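The structure appears right after this line, and notes come after that.
The values are calculated or read from the model by the stated rules, or taken from the named source; none is laboratory data. Keep in mind the model is a prediction, meaning the values are calculated, not measured. Note: ideal-geometry Cβ built from the backbone for every residue, glycine included; neighbour counts use all protein chains shown.
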Amino acid sequence: MSRPQLAEARRVRAGELFEQGALNAVIARAVGVCAESVRRWRRMWEEGGVSSLRRRAAAGRPPKLDGAQVEMVRAALARGAQAHGFEAGLWTLGRVATVVERVTGVVLSRASVWRLLTGWLGWSLQRPERRAVERGESEIARWIGHEWPRIKKGR
């Protein structure tokens, strides 16, 4: 159960207890909230009944991408950055914005791209390791095994 659903279930349970005539302190303990929340819910319940305690649709501007478009973007990103003509295989906000525009025709800001990636797609920030291309693992192992003990002894 998501957090908003859990909160709604608590309010509705409190509404049921209001109808039974329970005291605010008893209701607060029963649903696990503070007494002030119960007082606020009781005022709402008195004005509009149990329906006033239910969740309302999210306010504000609707998202620019619908569910189908998000899935199109997910599929496009799964093919990798190089499949979309980028030289390196790393995704940046700018590259993702370009792919979103190509796939859906919708222009997103960098902030909106970030919300899309982290909120809708479940991605997280990943930073590549900074290692030299010329790095020689065998030479590093030899140095750690032979040179470092010799240097450490000399102290």
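In table form, for the structure just shown:
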item	result
Elements of type helices (runs of 4 or more DSSP H) in the range 58-130, at least 2 residues being under 30 Å from residue 5 (Cβ atoms) and touching a residue at least 24 places away in the same chain (Cβ under 8 Å)	67-78, 93-104
Contacts under 7 angstrom Cβ, first residue in the range 12-39 being more than 19 Å from residue 51 (Cα to Cα), partner among the polar types (S, T, N, Q) and surrounded by 15 or more Cβ atoms within 10 Å (Cβ to Cβ), 6 or more apart	35/24
Test: residue in the range 77-93 that is surrounded by fewer than 13 Cβ atoms within 10 Å (Cβ to Cβ) and hydroxyl-bearing (Ser, Thr, Tyr)	no
The one condition in (1) among the aliphatic types (A, V, I, L, M); (2) within 30 Å of residue 14 (Cα to Cα); (3) assigned to a loop (DSSP other than H, G, I, E, B) that residue 44 fails to fulfil	(3)
Total residues in the range 1-40, condition in contact with a Leu (Cβ under 6 Å, 6 or more places away or on another chain) and among the hydrophobic types (A, V, I, L, M, F, W, C)	2
Scope the range 52-85; condition at pLDDT below 90 and within 26 Å of residue 16 (Cβ to Cβ); matching residues	55, 56, 57, 58
Condition check for residue 4: within 19 Å of the chain's Cα centre (by Cα), surrounded by 13 or more Cβ atoms within 10 Å (Cβ to Cβ) and over 30 Å from residue 129 (Cβ atoms)	no
Every residue from the range 75-93 that is of a type outside the set (A, V, I, L, M, F, W, C) and out of contact with any helix residue (DSSP H, G or I) (no Cβ under 7 Å at 6 or more places or on another chain)	79, 80, 82, 85, 87, 92
